[in-house]
Amino acid sequence: MKLLLIHPPSREVYDKFERKAIDRMPIGLAYVAAIGEQEKHQVEVLDAEAMRLSLTEIGSAIDSFRPEVIGVTCTTPLFPISAKIVEMSKEQMPQTVTILGGPHINALPREALMQCGAADFVIFGEGEQTFAALLKHISKRAKPSAVPGIGYRDGQGIILNSPASAIENLDTIPFPARNKFPLNKYYDPDRYEDAYTLMVTSRGCPYNCIFCGSSATWGRKVRFRSATNVLDEIEQVIREFGISNITFCDDTFTLGRRRVLEICNGIIERGYNIKFLCSSRINTIDEDRLEALAGAGCTEISFGVESGDPEILKTICKNIELDQVKAAFEMVKSFGIRVHSSYIIGNPGDTDETIRKTIEFAIDSGTDAAQFSISTPYPGTPLWSMAIQQNKLKSRDYSEFKWYYSVVANLSKVSDDDLINYQRNAYSQFEESRKKMSHNKSLSCQLRH
């Protein structure tokens, strides 16, 4: 069958955010594309965001390719435009089978079908095996009742089949089909000079932060790819695609000390000259891991701190100690690795005082870069449940669920306008502090010489 997989454009959603644009390859869609190829289908991918395509141009591409199946992925803020693409597809080609998937669908599969009447199927949970099974049923025109992890309509009702089982051996999943994507379009200008790619080496998160929706897709049990499997994918990225910049987007790349060391030592032993970034937690780094990471080419580690107030950290179930953060950042930087940290403004219970403490903590923490997000209750998170239970949800316009300059549910003790002002001021204050630090450092060097 002819399959067209679409990543929707997001510029309209994020156009008010005054930061440098980062284009990311949609890694989940790349895995789905690989499954389509493995199942011997004719697969084409349309990354409408990377290619800067309008809805009209997407429609022209659909008309040109004439697919039998169209799959559209979406995060929560992109659900409205993803639904538009599915509706447009059905108008152009009524016989085409349409499928919606992605993080938003994982959390709200029934609602997605209700809100997007043009979608024939939704896929929720881990998608690879489900997608392969659904394609077989579509090609045979068989009833979908035996396919776990999908939702569909049966007459006037909506049916959600039982969830699919987690894929225990991640090494059995084919590498993402990067050959189907415009790899020269993916840039992160603050971190890499050249194009980069994403890579995932594990799935699942054992922690229970109330703002995170990871477990809605991957569950709490962490499953790891083998070090050899990861190293083989790195080799493919270098040899076949000429890319030497990699962002590992595991929830916590540094979980599993022995495996981290195996991957890093393997990068060194195989002679891969790469730069990479990863995410970590304060309690999953030590000198051995940092030495290995630095030697293998790690240039930045991102940490979620989220608040500068101990009581707020308890409220959001972050389970870190603030007095360990600065020491951890110093240790990371001592190995020549840059530190990025993220903070949330408007956590449940946040006050003017706790928000100011958070901004001050970020400035004083020693982090090289900081991200300040407005607390947003994404579907599938405990925070979403809290917002619903407390009747705090202001909007179901999912295009507003975007962390930046938008408050869709306020569980803090600060007004919406003040939260947005705090976010703007946090960025300006942090950047000003770093300019002063850079100036003072430069002055100190001049005085020494």
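The values are calculated or read from the model by the stated rules, or taken from the named source; none is laboratory data. The shown structure was predicted, so the numbers you read here are calculated from the model rather than taken from an experiment. Cβ coordinates were reconstructed from backbone atoms using ideal geometry, including for glycine residues, and neighbour counts include every protein chain displayed.
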Conditions (1) among the charged types (D, E, K, R); (2) under 29 Å from Asp350 (Cα atoms); (3) not in a loop (DSSP other than H, G, I, E, B); number of the one not met by Lys318: (3)
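In the set Gly256, Gly266, which member is in contact with a Phe, Trp or Tyr (Cβ under 9 Å, 6 or more places away or on another chain), more than 30 Å from Val408 (Cβ to Cβ) and at pLDDT below 95?
Numbers: Gly266 fails: at pLDDT below 95.
That would be Gly256, the only listed residue that is in contact with a Phe, Trp or Tyr (Cβ under 9 Å, 6 or more places away or on another chain), more than 30 Å from Val408 (Cβ to Cβ) and at pLDDT below 95.
Counting just the residues of segment 367-416 that are acidic (Asp, Glu) and modelled with pLDDT under 95, which one comes out surrounded by the fewest Cβ atoms within 10 Å (Cβ to Cβ)? Break it down stepwise before answering.
Restricting attention to segment 367-416, the residues satisfying the condition of being acidic (Asp, Glu) are 368, 397, 400, 416.
Checking the rest, the ones that are also modelled with pLDDT under 95 come to 397, 400.
Working: Asp397: 12, Glu400: 17.
Taking the candidates together, the pick is Asp397.
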Condition (residue is assigned by TED's automatic domain parsing to the domain that holds Met386, among the basic types (Lys, Arg), in a strand (DSSP E or B) and under 22 Å from Ala370 (Cβ atoms)) applied to segment 204-226: is it met by at least one residue? no
How many of the residues making up segment 242-276 are in a loop (DSSP other than H, G, I, E, B), touching a residue at least 12 places away in the same chain (Cβ under 8 Å) and out of contact with any Gly (no Cβ under 9 Å at 6 or more places or on another chain)? 9
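For Glu291, are the conditions met, namely being at pLDDT 95 or above and in a helix (DSSP H, G or I)?
On the way: at pLDDT 95 or above: yes; in a helix (DSSP H, G or I): yes.
Spelling it out, Glu291 is indeed at pLDDT 95 or above and in a helix (DSSP H, G or I).
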Among (1) β-branched (Val, Ile, Thr); (2) without any contact (Cβ under 8 Å) to a residue 60 or more places away in the chain; (3) surrounded by fewer than 17 Cβ atoms within 10 Å (Cβ to Cβ), where does Ile22 come up short? (2)
If the Cβ limit is 6 Å and pairs must be 6+ apart or interchain, which residue in segment 283-294 that is in the same structural domain as Ala227 (by TED's automatic domain parsing) pairs with which residue that is buried (at least 20 other Cβ atoms within 10 Å of the Cβ) and hydroxyl-bearing (Ser, Thr, Tyr)? Thr284/Thr252; Thr284/Thr254; Ile285/Thr254; Arg289/Thr254
Scan segment 150-189 residue by residue and report those that are loosely packed, with under 12 Cβ neighbours inside 10 Å and either farther than 23 Å from Ala33 by Cβ or touching a helix residue (DSSP H, G or I) at 6+ places or on another chain (Cβ under 6 Å) (or both). Asp154, Gly155, Gln156, Gly157, Ser162, Pro189
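Please determine, by comparing only the residues of segment 90-102 that are surrounded by fewer than 24 Cβ atoms within 10 Å (Cβ to Cβ) and touching a Ser or Thr at 6+ places or on another chain (Cβ under 8 Å), which one is farthest from Val407 (Cα to Cα).
The extreme case among them is Thr96.
For Phe253, are the conditions met, namely being at negative phi and touching a Cys at 6+ places or on another chain (Cβ under 7 Å)?
Values: at negative phi: yes; touching a Cys at 6+ places or on another chain (Cβ under 7 Å): yes.
For Phe253, the condition - at negative phi and touching a Cys at 6+ places or on another chain (Cβ under 7 Å) - is met.
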